[in-house]
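Computed from the coordinates by the stated procedures, all read-outs in this text should not be read as laboratory data. Keep in mind the model is a prediction, meaning the values are calculated, not measured. Every residue, glycine as well, gets a Cβ built from its backbone with ideal geometry; the counts of neighbours run over all protein chains shown.
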Amino acid sequence: MCIQNGRWTAIAVIAWLVGVGVTAAAAEDAVKDRANQAEVKRQRKEAAHRQRRIIMNNDGNDARTPPDEPRTYENFLSKRTAALAGTQVDAVFYCSGVFNLYHHHSKESEARKHGDQKVVDWAWELGEKGPDSLTTIVDFGHKNKMEVFWSMRMNDTHDSGDAALLCQWKQDHPEYLMGKKGDKFVAGGRRWSAVNYEVPEVREKVFRLFHDVATRYDVDGLELDFFRHSIFFKPQMFGEPVTQQQRDLMTELLRQIRTMADETAAKRGRPMLIAVRVPDSVEYCSAIGLDLVRWMKEDLIDLMSVSCYFQLNAWKTSVDLGHAYGVPVYPCLSEARFKDVESDRVRQTLECYRGRALDAWNAGADGIYLFNFFNPRSALWRELGDREALRTMDQIYPAGTTSVNAVNAWLANGRQWLNQPVPLPEKPVKLAPGKATTIEIPVAAAVSSKSGLSVQVKVRVLADDQTKAGAMVARLNDQQLAIGVDSGKWIEFTAEPAMVKQGVNRLELAMPAEGNQIDVTDAILEIRWGAGVPPAK
């Protein structure tokens, strides 16, 4: 036999096929097909690992404007997209609607001609004039050297509370849904309108939606967004375990989409990537029906973004998992969604996003994924993709960045897989007289005056009694801080830069033996860098 480097040559393969009864023409076609598949995979792997400093997820509400604004392509792009040109955004993941109700052209899905709660949303009108919304974003992205993926929310259930978003297909087939309006569930956020992926017609519908976009639009890839919303099989709704058989059904759907994407790539001569957005825990994913490790072992996905409104593990857990299978990983940063207004506000600051992004970069992330952040003129798009520059930018580090309230809302007892402290706003610390308590604040930056820049460090504590500011004693990593002052909403302490360390910082708080107990609801560490000012001696 003709073998080179342990592999059969094309001649040897054709000879063998002919020898077992396959015609010469068929044998030659089989060899060509095999070579083509190998080339498609090679190109796909190369494309999967290209640079994506920032991925911007756009939920498709670009045209939700006041009624008197012009309904033009220029205005559409100005809302969320045009200003991204020349920034660190290397990819836009564009979601053009809710389940089966989209404002891109399609004979497979239904036309979305309104926004949430019947608000004005004229994106569909673009397709009446010329290129539709998805084509417009794709064209803009490619012109400005940005990838564009079509993002489908695998079980968007906004229609549970907004009848205007309930597509006709769901209305015609209530048997495909988890329940009906008014039903009570143990978990799943009361999202009765979620589709049940155990139903063959649902999986077939989802496949057709992806096939429709992949074969008609010049997108660089498809995103399967399993975070919006994270319910796929009925047992989850009733607090019962999802079965392996149900997980296998979802895996088979992934296989079909993978095969279709690769076939499409072969026909058009360039890769069609598959991205997924999932909770950042293999165990949590498994409990909701997603066999994440198996997907990677079978090479069903190319990119993985993790987390959103809650984070279960340190970023390194997901990064190490993805990289073990050659899958790039993009931590997802989104709004905190804390009920406390002040705690939520501070986490939406650019300084806090910088700290969170630097934490992700330090964990080995391949880039930053941003969700529900739509101001295209924010400095954030020009900063978060540069790890080195972030190190000497102002940063804020809180005691917990995102809410974990939704963990159990989507999955009964989901908090069993929470491997991080509950954020301070959701688990206030009771500071009893004469006793001390310790709060952990993770910091991603190494604070040093060797950079030639001055640096100031503040520790701020949010408590229910600001008048006790002068009485509160604070220590940072076992070093005494200056007396606290009431700075308005926060009790403020000044710290020396040398006290801060990269990693977990321990803030110890105590009150005198005399007095009443106070509740500490939040704590942050704030780093402010000077611009070229010599460090203090």
By the gyration tensor of its Cα atoms, with a ≥ b ≥ c the square roots of the eigenvalues, what is the shape of the stretch 131-172: rounded for a/c under 1.5, prolate for a/b over b/c, or oblate? prolate
The simple spin-label model distance between residue 464 and residue 268, using points 7 Å out along Cα→Cβ, in nm, is 5.7
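Can you compute the charge dipole magnitude of the stretch 429-529 about its Cα centre, using +1 on each Lys and Arg Cβ and -1 on each Asp and Glu Cβ, nothing else charged? Give it in debye, rounded to the nearest 20. Intermediate values should be presented prior to the final figure.
On the way: 11 positive and 12 negative charges, 65 e Å.
Here the size comes out at about 320 debye.
In nm, what is the difference between 0.36 nm times the number of residues separating residue 345 and residue 477 and their Cα-Cα distance? Please list the in-between numbers first.
Details: separation 132, 0.36 × 132 = 47.52 nm, distance 2.65 nm.
This chain segment gains 44.9 nm when fully extended.
Cut-off is 10 Å between beta-carbons; in what order do 252, 125 appear when sorted fewest neighbours first?
Values: 252 11, 125 16.
Ascending Cβ contact count within 10 Å gives the list 252, 125.
Looking at this model, which pairs from 205/316; 41/145; 107/145; 79/113; 118/181 are more than 28 angstrom apart at the alpha-carbon?
Details: 205/316 35 Å; 41/145 23 Å; 107/145 30 Å; 79/113 18 Å; 118/181 19 Å.
205/316; 107/145, as the Cα separations exceed 28 Å there.
Just rank 407, 282, 473, fewest to most, by other beta-carbon atoms within 10 angstrom.
Numbers: 407 23, 282 19, 473 15.
So the residues, fewest neighbours to most, are 473, 282, 407.
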Förster-model FRET efficiency, 30 Å R0, residue 73 and residue 110, C-beta, rounded to 0.05: 0.80
Order of 114, 103 - criterion: other Cβ atoms within 10 Å of each residue's Cβ, fewest first: 114, 103
Measure nothing but the geometry: give the 0 to 90° angle between the long axis through the Cα atoms of 24-48 and the longest principal axis through the Cα atoms of the chain, rounded to 10°. 10
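What FRET efficiency comes out for residue 298 versus residue 517 if R0 is 56 angstrom and r is the Cβ-Cβ distance? Round to the nearest 0.05. Don't jump to the answer; show the numbers that get you there.
Working: r = 55 Å, r/R0 = 0.99.
Step by step, r from the Cβ atoms, then E = 0.50.
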Working from Cα positions, state the angle (0 to 90°, nearest 10) between the long axis of helix 315-324 and the longest principal axis of the chain. 30
Between helix 133-143 and the chain, what is the angle of the helix's C-alpha long axis to the longest principal axis, kept within 0 to 90° and rounded to the nearest 10? 80
Label-point separation, residue 435 to residue 46 (7 Å along Cα→Cβ), nm: 6.4
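Between rounded, prolate and oblate, where does the stretch 203-332 land on the alpha carbon gyration tensor, with a ≥ b ≥ c its root eigenvalues, rounded for a/c under 1.5, else prolate if a/b exceeds b/c?
On the way: a/c = 1.92, a/b = 1.32, b/c = 1.46.
In terms of gyration-tensor shape, oblate.
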Translational D (Stokes-Einstein, µm²/s) of the stretch 293-395 at 10 °C and 1.306 mPa s when Rh comes from the Kirkwood sum over C-alpha pairs? 109
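What is the chain's relative contact order, in percent, from Cα pairs under 8 angstrom and six or more apart in sequence? Walk me through the numbers on the way to the answer.
Numbers: 1099 pairs, mean separation 66.1, N = 537.
About 12 percent, as a whole number.
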Find, to one decimal place in angstroms, the Kirkwood hydrodynamic radius of the stretch 429-529, where the mean of 1/r is taken over every pair of different Cα atoms and then inverted. 13.8
As a check on your grasp of the helix formula, calculate [θ] at 222 nm for the chain: sum -39500 (n - 2.57) over DSSP H runs of n ≥ 4, divide by the residue count, round to the nearest 500. -9000 deg cm²/dmol
Got the relative contact order for the stretch 152-239 handy, in percent, Cα pairs under 8 Å and 6 or more residues apart? 43
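Once you have the Cα-Cα distance between residue 85 and residue 163, take 0.36 nm times their residue separation minus that, and quote the gain in nm to one decimal.
Details: separation 78, 0.36 × 78 = 28.08 nm, distance 3.66 nm.
Residue separation times 0.36 nm, minus the Cα-Cα distance, leaves 24.4 nm.
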Where the only charges are on Cβ atoms (+1 Lys, Arg; -1 Asp, Glu), what is the dipole of the chain about its Cα centre, to the nearest 20 debye? 680
Spin-label point model (7 Å from Cα, Cβ direction): what's the residue 117 to residue 186 distance in nm? 3.3
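Could you tell me what % of all Cα pairs in the stretch 334-465 have separations over 23 Å?
Values: 3635 of 8646 pairs.
Summing the P(r) tail past 23 Å for the stretch 334-465 gives 42 percent.
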Going by Cα centres, the stretch 144-159 and the stretch 356-429 are how many Å apart? 21
